[in-house]
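Everything on this sheet refers to the single structure shown next.
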Amino acid sequence: MINATETPASAPHNDEEGLARLLSVITDSLDEDKAENIVVLDLTGRAGFAERMVIASGLSERQISAMAQHLERRLKEENLARPQIEGDQGSDWVLMDAGDVVVHLFMPESRELYALERMWGGDFDAAAEEIAVE
């Protein structure tokens with residue numbers, strides 16, 4: 001897990017300490033809720049909408065919904081973010097926008113189908129290079 005330090009609630013998360021704290025709260029909350037295969041992707045220089053992407057799996061729609069609700073509560077309690085949430089009412093994919101961090105919670109089948117790790121992970125650079133060469 002990420003070691004983070006205290007930052008003011010009103011401070012933007014674009015500084016490394018604030019981002020580390022935000023990621024720590026997110027990954028700790030997901031870990032406590034028994035999320036599986038938690039992955040943090042660095043989007044720096046790849047996307048303008050966030051600095052990091054967190055992807056995790058749950059074993060049921062109910063677990064995914066509960067993870068989203070618990071995470072939303074933790075972020076508010078820590079004064080880190082008031083995330084925008086899509087798909088939290090009985091869905092196999094929940095998207096949470098916490099500012100500099102976007103969180104995707106999936107059922108395993110949907111995670112495999114959408115393959116965000118391949119799209120935004122290490123293979124992203126290789127695919128971008130292939131497109132640039134063509």
Inset, instruction - State which residue is surrounded by the most Cβ atoms within 10 Å (Cβ to Cβ) when the search covers only region 30-52 and only residues that are touching a residue at least 12 places away in the same chain (Cβ under 8 Å) and out of contact with any helix residue (DSSP H, G or I) (no Cβ under 7 Å at 6 or more places or on another chain). - result: A50
Inset, instruction - Report, by residue number, each residue of region 40-63 that is of a type in the set (S, T, Y), touching a Phe, Trp or Tyr at 6+ places or on another chain (Cβ under 7 Å) and assigned to a loop (DSSP other than H, G, I, E, B). - result: none
Legend entry - The lone exception for S24 - which of (1) open to solvent by 40 Å² or more (accessible area, probe 1.4 Å); (2) without any contact (Cβ under 8 Å) to a residue 24 or more places away in the chain it fails: (1)
Legend entry - Exclusive hit being modelled with pLDDT of 95 or more and touching a His at 6+ places or on another chain (Cβ under 8 Å), set M67, M53: M53
Inset, instruction - For S91, work out the one condition from (1) more than 15 Å from the chain's Cα centre (by Cα); (2) of a type in the set (G, A, S); (3) on the phi > 0 side of the Ramachandran plot it doesn't fulfil. - result: (3)
Inset, instruction - State the number of residues belonging to region 65-89 that are of a type in the set (G, A, S) and over 20 Å from A20 (Cα atoms). - result: 3
Legend entry - Complete set of residues in region 94-117 that are without any contact (Cβ under 8 Å) to a residue 40 or more places away in the chain and within 30 Å of D15 (Cβ to Cβ): V94, L95, M96
Legend entry - Elements of type strands (runs of 3 or more DSSP E) contained in region 67-106, each with 2 or more residues being open to solvent by less than 60 Å² (accessible area, probe 1.4 Å): 93-97, 101-106
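The values are calculated or read from the model by the stated rules, or taken from the named source; none is laboratory data. Here the structure is a predicted model, which means the values were calculated and not measured. Note that we place each Cβ from the backbone using ideal geometry, even for glycine, and neighbour counts take in every protein chain shown. The accessibility values were calculated without ligands, DNA or RNA, using every heavy atom of the protein model including side chains. Shrake-Rupley method; radii C 1.70, N 1.55, O 1.52, S 1.80 Å.
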